[in-house]
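Have a look at the structure below before the remarks.
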Amino acid sequence: MMMISIWRSFRTFNNHNHNAPAKLLFFLLLTLTYHTLSATAAAKDTTTTTDPADNNANEAQATQITNNTTTSQWSWDNILRTRQPIIANGNVWPPEYSNSNTEGEKVEEESANDCLTLVTRNQIMWHCIDLEDEDEPNSYNRTTLHRGNPGKYRGAFMAPGSDNRRMWVLNSPQIQKTYDTISAEWEQLLELDTVTGDILQTLIIEDCIDGHDVVRIAGDGRDSAFVVDTRHGHIVEIALPASSQPFTESSIRAGASVVQKMGYVDIIKRHTGFTRADHVNNVAIHPQLLISNLHGKDAIVRRHAGVGPSPTRLSALDRLLSTEDGRELTAELDGFESVQNVGTWCHGIAFWEDTTTSPTSQIKLISLDSKHGTLVSVVLSGPNAGFREVLWAPDEDHPVLVPPKGVANRHKNGAKIFSKGLAVQGGVAYFGVSYARAPQLRQSVPESLLVAVDLAGKNELWVRTVRSNGLINQILTKSSIGEVQLPPDVSSVELTYHGCFGQMVEMCEDLAPEQASLARKSSDVDHQKMCAMAQYDAKATCGQDLARILCCACNGGKKSRAPLMSGVLDMEIMKIEEEVNATATFIKHNRCLDVEGHTKHLPLVYKRGGSDGRRRFIATIADDLNYIVKHLCHLNIEPLQKRVMELGDMGFTKEFQLQNGNSVVIAPGVV
């Protein structure tokens, strides 16, 4: 794939009078890069594998599931074989049912080629396979519908009655930590216009903190959504709020309702039974159950005991129980057996039917063993129930998955491969992978991998690098949220913030003895070897006083804070002497012609702020990107690439341009 990267350096020079307008200096440089990525480069051998350490867990889980399938009300057979709809963010079971159909009727079966919506840390991105490109079958169209400034987006769903133009986004404000207290704001629902990218409403979900997921379901005349309140261990059911004009009345007719308290959503019910220690992560909605991923009731105890994290369990609540009587389902009372052999810190709930087994099919749970970055299946119903299989494992040496050295030193096991964001449609699993295991890295990781795996063939279809500007939190399917209305002129620009909005990341560098004034005491010690050993066996190495001073892995070393820069593009940016805040990358797409058949371009009217022809002042990159760069179609840029290479770095200096009769214009905030 050929991409042209245009970088702009914006610097703000403010005098001490904060009422004075900020001045922006604009620099432009054209660089050309050629990126290719093999569809097999990101994965190890993905033939069917089962970890030997999981054999006991497989046998135990199979015994539990088998013993309860014939007599229990809520066995997995009864949950899945009845084919009642189960709606998750990235999956609809059974596949012939569509949650986007308000009446809940069966519709045409979903396709693996249906478009996806990616919810990253601070972006809403649309991705769609390009079926018209016969020369490059793995190509796809994509665009960024919205960028937070910043945001912490955990999920989204389409608003009913809005012509597929309004989307509600779950925003989880930052948790503020001080020395002796932890405070957090309540969750927010943001109404997004997918055509303009604007936020039109912000509604508060009262007493709901650290939301991790939200799923909408169609009801009988009244739609609702379920929000995961991880702080309290609740699943909060809310009424769908009415959209802003001009879709207020139509959204009400389609199942939404006017909020009773201005600025707040209406809470229907708080479903209880889980706890804060469970760390509720995802939810899938069954007509009578709420099925959730829990990161372990004993996780806190195990962590303080030094045992390590407990395995994730897939469990459930009864939707019909009152808030006061809510409880987790059990084998004794309900015949329900939680699934506990998927992995650790798992994300994603999806169900898929393997019809290759005879005479009975297997219905499998598809999920992510996030700690190991793998895609996993567990048979829930059918032959060999309880059997766990690793379907995909990452190549740990892939450039996108290797953290910068300073980050790796400081965060130890926190800068390791982590998978999150899962969708299953048409027999294909789509998911995100990065190195941002530690929560503090998830907001700043610049790139993620988007991977597609064929579930029947158990093989990787393709892998793509996504400039996600944060972790991919959710991947939404067409069958779960419906169509998404796009702007009439889809921008072909992906914006990358270098340093991620100036957010600082903790770094660490191992020290030499002389840097710590310990040269005399350590003359016979190979400090580099010692610190390297500490990365692999901290318990054995960090008992040495010298290691605790010199080595990052032993909580020593030189600690610092800096904007996070990583990936191929960031490495190139670091070579530039000027400060670069953002890079606009043009992607290939086939939407090059306007309605009149002319090649799209950046209209000159975008250079003006109004009909009077005044020059437009650029305030921020995010708000004014479409007034700076927007479209690029499939052009032959080889002559331009050749000329740029001939010029070299010196060809873009101000002195060179002036010597060759070119003008260099510097105007405050004007493009």
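The values are calculated or read from the model by the stated rules, or taken from the named source; none is laboratory data. Note that the coordinates shown come from a computational prediction; the quantities given were computed from them, not determined experimentally. Note that we place each Cβ from the backbone using ideal geometry, even for glycine, and neighbour counts take in every protein chain shown. Just the protein is used for accessible areas: all its heavy atoms, side chains included, with ligands, DNA and RNA removed. Shrake-Rupley method; radii C 1.70, N 1.55, O 1.52, S 1.80 Å.
Take residue 450 and tell me if it is within 11 Å of the chain's Cα centre (by Cα) and open to solvent by less than 10 Å² (accessible area, probe 1.4 Å). The answer is yes for residue 450. Examine the range 379-393 for a residue that is open to solvent by less than 20 Å² (accessible area, probe 1.4 Å), on the phi > 0 side of the Ramachandran plot and assigned to a loop (DSSP other than H, G, I, E, B), and state whether such a residue exists. Within the range 379-393, one or more residues are open to solvent by less than 20 Å² (accessible area, probe 1.4 Å), on the phi > 0 side of the Ramachandran plot and assigned to a loop (DSSP other than H, G, I, E, B). Look at the range 73-86: where a residue is farther than 21 Å from residue 480 by Cβ and a partner is of a type in the set (D, E, K, R) and part of a helix (DSSP H, G or I), sitting 6+ places away or on another chain with Cβ atoms under 7 Å, you get 73/334; 74/334.
Taking residue 307 as the residue in question, decide whether it is modelled with pLDDT under 95, over 18 Å from residue 214 (Cβ atoms) and part of a loop (DSSP other than H, G, I, E, B). When the stated conditions are applied, residue 307 passes them.
Against the test of being among the β-branched types (Val, Ile, Thr) and under 19 Å from the mean Cα position of the chain (by Cα), the options 379, 402, 407 yield a single qualifying residue, 402. Is it fair to say residue 204 is open to solvent by 20 Å² or more (accessible area, probe 1.4 Å), aliphatic (A, V, I, L, M) and either over 30 Å from residue 486 (Cβ atoms) or touching a residue at least 60 places away in the same chain (Cβ under 8 Å) (or both)? Yes. Quick check on the range 495-510: of everything there that is closer than 19 Å to residue 123 by Cβ and not in a strand (DSSP E or B), which residue is modelled with the highest pLDDT? The residue in question is 498. Within the range 252-268, being over 28 Å from the mean Cα position of the chain (by Cα), on the phi < 0 side of the Ramachandran plot and surrounded by 15 or more Cβ atoms within 10 Å (Cβ to Cβ) holds for 252, 254, 257, 259.
Considering the range 211-223, the residues that are in a loop (DSSP other than H, G, I, E, B) and buried (at least 20 other Cβ atoms within 10 Å of the Cβ) include one that is modelled with the highest pLDDT, namely 223. In the range 224-248, which residues are over 21 Å from the mean Cα position of the chain (by Cα), touching a residue at least 24 places away in the same chain (Cβ under 8 Å) and not in a strand (DSSP E or B)? Passing the criteria: 232, 233, 240, 243, 244, 247. Between 370, 338, the distinction of being closer than 22 Å to residue 477 by Cβ, of a type in the set (Ser, Thr, Tyr), touching a strand residue (DSSP E or B) at 6+ places or on another chain (Cβ under 8 Å) and in contact (Cβ under 8 Å) with a residue 12 or more places away in the chain belongs to 370 only.
For the range 430-443, state whether one or more residues are of a type in the set (Val, Ile, Thr) and at pLDDT 85 or above. Yes, the range 430-443 contains a residue that is of a type in the set (Val, Ile, Thr) and at pLDDT 85 or above. For the structure I just gave you, tell me whether residue 528 is at pLDDT 80 or above, farther than 30 Å from residue 143 by Cβ and of a type outside the set (D, E, K, R). Taking the combined requirement at face value, the residue satisfies it. The combined condition, being hydroxyl-bearing (Ser, Thr, Tyr), surrounded by 23 or more Cβ atoms within 10 Å (Cβ to Cβ) and not in a loop (DSSP other than H, G, I, E, B), is not fulfilled by residue 444. For the range 163-183, the set of residues classified as open to solvent by 30 Å² or more (accessible area, probe 1.4 Å) and at pLDDT below 90 consists of 174, 175, 176, 177, 178, 179, 180, 181, 182, 183, listed by residue number.
For every residue, the table says whether it meets (1) within 26 Å of residue 343 (Cα to Cα); (2) not in a loop (DSSP other than H, G, I, E, B).
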{"site": "259", "(1), (2)": "no, no"}
{"site": "262", "(1), (2)": "no, no"}
{"site": "269", "(1), (2)": "no, yes"}
{"site": "281", "(1), (2)": "yes, yes"}
